[in-house]
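Trainee: Below is one structure. I have some questions about it.
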Amino acid sequence: MIIEPRTRGFICLTAHPIGCEQNVQNQIDYIKSKGAINGPKKVLVIGASTGFGLASRITAAFGSDAATIGVFLEKPPKPNRPASPGWYNSAAFENQAHQAGLYAKSINGDAFSKEIKQQTIDLIKKDLGQVDLVIYSLASPVRVHPETGVKHKSVLKPIGDPYTNKTVDFHTGDISQVSIDPATEEDIENTITVMGGEDWKFWMDALQKEDLLAPEAKTIAYSYIGPKLTEPVYRKGTIGRAKDHLEATAFDITKSLKDIDGKAYVSVNKALVTQASSAIPVIPLYISLLYKVMKENNVHEGCIEQMQRLFADRLYNNSEIETDDEGRIRVDDWEMREDIQAKIKELWDNATTETLVSIGDLEGYSNDFFNLFGFKVAGVDYNQDVNEVVEIPGLQ
Ligand code: NAD
Ligand code: NA
């Protein structure tokens, strides 16, 4: 079929297999161009099909020749109905990994469930014995709690007061004011339940109980801080509470991994266009200004550049792992640079529908958004008839 983007607000209902394949290829090429990393050998990636999780998997496999098991929740294709992008990404990744002689298998299902944890445990036991790195990179709006069966929904709301600021519709470039009512206590609890650290701890406990963690194994989850500007809706909002919980959980996990001398880390990454971040009000305008300023200063990065730097310069640099005074690894250092943030602040005050075209990088935002789904990828012929039914070779 000929596959075209079909957008509805901040989601796209279709994905292009060849475009996704090209995206994965570009990320692999980037990692290879940066040279070998003395990194992990057997890696479990939870949330492995898109965004930071996919980039982590590619970095481990093609930077360190690691065997990888990927867990994700993606929609398989049907005739005349394309799969979700993470499906095509995972198919492309596995094909490339297998061609390179690397072990790569995947599990598609709800990572929050006991069943998927058990299936993953069985696969590690059978094929890898133990893992030396666990990446936890889930981004989900909902979680069915494995003990209670209750379905919790996360929300993106401020806490305490209503929040009003500018936001942009990145399809049209229209800037408008958005007002978001504050979260209830229940909203806060639910968001922590979905995006906090409880499930990360459940995973690590389950793996440890079955003796599947190698001596000195590491685990890492991803967080975000961002500037004052976005604090009410991000770091001091409901999602921020969940990130506080996630960051605190790292210390709990490290404590429980004492016997094997294992360590849990949180890496604070930069703001990027992903399916998750497009859904947060105000953030797309911030990102379009951020992209403009970071590109002008030659410090712009995508997921793959961030993960390459995380692995090569932070996690596996053959010396002590550098953290901030709250124990977090920072690869948002360039985003948070004083000169970069001062410039964004100035642009923010001047941003209108009329000025954004020149002062922001809306085109970069929009392009990255379509790229997530395999569209507008350089070198891909979108007029060609493609087979939408693609298999993931190592899918369990
Ligand atoms: P993403 O949406 O690209 O990836 C989410 C992954 O989780 C996908 O692989 C998806 O299949 C998987 N997933 C979702 N629900 C699942 C479920 N129930 N079971 C199994 N798999 C499931 O998101 P991302 O932006 O890469 O986010 C990953 C992490 O990085 C999140 O913790 C996010 O907060 C953090 N982060 C994001 C940004 C950003 O700007 N995007 C910045 C810093 C940190
Ligand atoms: Na991810």
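The values are calculated or read from the model by the stated rules, or taken from the named source; none is laboratory data. Computed from a predicted structure; not experimentally measured. Don't worry about glycine lacking a Cβ; one is built from the backbone with ideal geometry, like all the others, and counts go over all protein chains shown. Each accessible area value is taken on the protein alone, full model and side chains, heavy atoms only, with ligands, DNA and RNA left out. Shrake-Rupley method; radii C 1.70, N 1.55, O 1.52, S 1.80 Å.
Trainee: Which translational diffusion coefficient, to the nearest whole µm²/s, is obtained for segment 301-342 from the Stokes-Einstein equation, given a Kirkwood hydrodynamic radius over C-alpha pairs, 4 °C and 1.567 mPa s? Could the numbers behind the result be given before it?
Mentor: Numbers: Rh = 11.2 Å.
D, rounded to a whole number, is 115 µm²/s.
Trainee: Turning to a different aspect of this structure: Mind grabbing the base-10 log of I(q)/I(0) for segment 188-263 at q = 0.11, 0.24 Å⁻¹? Debye formula, identical points on the C-alpha positions, no solvent, two decimal places.
Mentor: The computed values of log10 I(q)/I(0) come out as -0.33, -1.00.
Trainee: When the Cα centres of segment 284-323 and segment 1-26 are compared, how far apart do they sit, in Å?
Mentor: Each part reduced to its Cα centre gives a spacing of 25 Å.
Trainee: Whole-Hz Karplus ³J(HN,Hα) for segment 373-382, in order, using 6.51 cos²θ - 1.76 cosθ + 1.60 and θ = phi - 60°, x for Gly and Pro?
Mentor: Each residue of segment 373-382 in turn: 9, x, 9, 6, 8, 4, x, 9, 8, 7 Hz.
Trainee: Any chance you could run the full-extension gain for Glu346 through Asn387? It's 0.36 nm times the residue separation minus the Cα-Cα distance, nm to one decimal. Intermediate values should be presented prior to the final figure.
Mentor: Numbers: separation 41, 0.36 × 41 = 14.76 nm, distance 4.76 nm.
That works out to 10.0 nm of additional length.
Trainee: With Cβ to Cβ distances under 11 Å as the rule, what net charge do the other residues near Gly197 carry (K, R +1; D, E -1)?
Mentor: Details: positive: Lys201, Lys243; negative: Glu198, Asp199, Asp244, Glu247, Asp252.
Neighbour charge sum, excluding Gly197 itself: -3.
Trainee: Right, another one. Could you tell me how many cubic angstrom of Cα convex hull volume segment 36-111 has per residue?
Mentor: Details: hull volume 5.9 nm³, N = 76.
In segment 36-111, the Cα convex hull volume per residue is 78 Å³.
Trainee: Can you give me the Rg/Rh ratio for segment 325-396, using Cα atoms for both radii and the Kirkwood formula for Rh?
Mentor: Working: Rg = 19.6 Å, Rh = 16.7 Å.
For segment 325-396, the value is 1.17.
Trainee: I need the Debye-formula profile for segment 35-76: one equal scatterer per C-alpha, no solvent, reported as log10 I(q)/I(0) at q = 0.18, 0.21 1/Å, two decimals.
Mentor: Taking Cα atoms of segment 35-76 as identical point scatterers yields -0.45, -0.58.
Trainee: Between Thr355 and Lys41, with labels modelled 7 Å along Cα→Cβ, what's the label distance in nm to one decimal, could you check?
Mentor: A separation of 5.7 nm, rounded to one decimal place.
Trainee: Hey, got the Cα dimensions of segment 175-230 along the principal axes, in Å, largest first?
Mentor: Cα spread of segment 175-230 along its principal axes, largest to smallest: 52, 26, 17 Å.
Trainee: Can you give me the % of accessible surface on segment 1-142 that is carbon or sulfur? Probe 1.4 Å, all protein chains present, nothing else counted. All intermediate terms of the calculation are to be shown ahead of the outcome.
Mentor: Values: 2810 of 5480 Å².
Ligands and nucleic acids excluded, carbon and sulfur reach 51 percent.
Trainee: Let me ask something additional. Tell me, what ³J(HN,Hα) does each residue in segment 301-313 have, in order and in whole Hz, if you take phi through Karplus 6.51 cos²θ - 1.76 cosθ + 1.60 with θ = phi - 60° and put x for Gly and Pro?
Mentor: Listing the rounded values in order: 9, x, 4, 6, 5, 4, 6, 4, 5, 4, 6, 6, 9 Hz.
Trainee: Right, something else. State, in angstrom, two size descriptors of segment 256-390 derived from its alpha carbons: Rg to one decimal place and Dmax to the nearest whole number.
Mentor: Radius of gyration, then largest Cα-Cα span, for segment 256-390: 18.5, 59 Å.
Trainee: A follow-up question, please. Of all accessible surface on segment 230-289 at a 1.4 Å probe, what whole percent is carbon and sulfur?
Mentor: Values: 1010 of 1920 Å².
Carbon plus sulfur share of accessible area: 53 percent.
Trainee: Taking the Cβ of Lys255 as the center, what net charge do the other residues with Cβ under 11 Å away carry, scoring Lys and Arg +1 and Asp and Glu -1?
Mentor: Working: positive: Lys201, Lys258, Lys263; negative: Asp252, Asp259.
Around Lys255, the surrounding residues sum to +1.
Trainee: To continue, here is another question. Using only the alpha-carbon atoms of segment 90-215, report the extent along each of the three principal axes, biggest first, to the nearest angstrom.
Mentor: 53, 37, 26
Trainee: Can you give the percent of C-alpha pairs in segment 1-63 whose distance is more than 20 Å?
Mentor: 40
Trainee: Also: From the residues Ser176, Val142, Leu212, which one has its Cα farthest along the dipole of segment 134-230 in the positive direction, the dipole being from +1 and -1 charges on Cβ of Lys/Arg and Asp/Glu about the Cα centre?
Mentor: Of the options given, the answer is Ser176.
Trainee: State in Å² the accessible area per residue of segment 46-115; use a 1.4 Å probe, count heavy atoms of protein chains only, and round to the nearest integer. The partial results should precede the final answer.
Mentor: Values: 2130 Å² over 70 residues.
On a per-residue basis, 30 Å².
Trainee: Another question about this same structure. Which percent of the Cα-Cα distances in the chain go past 37 Å? Please list the in-between numbers first.
Mentor: Numbers: 13764 of 78210 pairs.
Within the chain, distances greater than 37 Å cover 18 percent of Cα pairs.
Trainee: Lysines near Lys295 by alpha-carbon distance under 19 Å, same-chain residues fewer than 8 away left out - which ones?
Mentor: Correct list for Lys295: Lys270, Lys343, Lys345.
Trainee: Based on C-alpha coordinates, I'd like the Rg and Dmax of segment 1-152, in Å.
Mentor: 16.0, 47
Trainee: Per residue, how large is the accessible surface of segment 242-302? Use a 1.4 angstrom probe and give square angstrom. Walk me through the intermediate numbers first.
Mentor: Numbers: 2130 Å² over 61 residues.
On a per-residue basis, 35 Å².
Trainee: Quote the accessible area belonging to Leu229 in square angstrom, nearest 10, computed with a 1.4 Å probe and with ligands, DNA and RNA left uncounted.
Mentor: That residue has around 30 Å² of solvent-accessible surface.
Trainee: If you add up the charges near Ile58, with Lys and Arg at +1 and Asp and Glu at -1, over every other residue whose beta carbon is less than 14 angstrom from its beta carbon, what do you get?
Mentor: Summing Lys and Arg as +1 and Asp and Glu as -1 gives -1.
Trainee: Also, I was wondering about something else. Pop a pseudo-label 7 angstrom from the Cα along the beta-carbon direction at both Glu338 and Glu216 and give the gap in nm to one decimal.
Mentor: 3.8
Trainee: To continue, here is another question. How big, in percent, is the set of alpha carbon pairs in segment 65-153 lying more than 22 Å apart? All intermediate terms of the calculation are to be shown ahead of the outcome.
Mentor: Working: 1405 of 3916 pairs.
Counting pairs separated by more than 22 Å, the tail of P(r) holds 36 percent.
Trainee: With the Cα gyration tensor of segment 76-128 in hand, convert its eigenvalues to equivalent ellipsoid semi-axes via √(5λ) and list them largest first in whole Å. Present the calculation step by step, with values, prior to reporting the outcome.
Mentor: Working: eigenvalues 97, 69, 10 Å².
After diagonalising the Cα gyration tensor, the semi-axes are 22, 19, 7 Å.
Trainee: How many angstrom lie between the Cα centre of segment 91-151 and the Cα centre of segment 186-243?
Mentor: Each part's Cα centre sits 17 Å from the other's.
Trainee: Here is a further query. Calculated from DSSP H runs of 4 or more alone, at -39500 (n - 2.57) each and per residue, what is the 222 nm mean residue ellipticity of the chain, nearest 500? Provide the component values of the computation, followed by the final result.
Mentor: On the way: 12 runs with 150 residues, N = 396.
Calculated at 222 nm, the ellipticity per residue is -12000 deg cm²/dmol.
Trainee: On to the next question. Under a 5 Å amide H to amide H cut-off, with H placed in plane at 1.01 Å, what residues pair with Leu213 once short-range neighbours are removed?
Mentor: Val131
Trainee: So, one more: Take every Cα pair under 8 Å in segment 286-396 that's 6+ residues apart, average their separations, divide by the length, and report that relative contact order as a whole percent. Before the final figure, lay out each step's value.
Mentor: Working: 54 pairs, mean separation 39.9, N = 111.
Worked out over segment 286-396, it gives 36 percent.
Trainee: Once Lys and Arg get +1 and Asp and Glu get -1 on their Cβ, which of Leu315, Thr352, Pro393 lies farthest toward the positive end of the dipole of segment 271-394?
Mentor: Thr352
Trainee: With the Cα gyration tensor of segment 226-307 giving a ≥ b ≥ c as the square roots of its eigenvalues, does the rule (a/c under 1.5 for rounded; else a/b larger than b/c for prolate; else oblate) give rounded, prolate or oblate?
Mentor: Verdict is oblate for segment 226-307.
Trainee: Two decimals is fine: what's Rg over Rh for segment 187-328, C-alpha atoms, Kirkwood radius as Rh?
Mentor: Values: Rg = 16.5 Å, Rh = 16.6 Å.
The Rg/Rh ratio comes out at 0.99.
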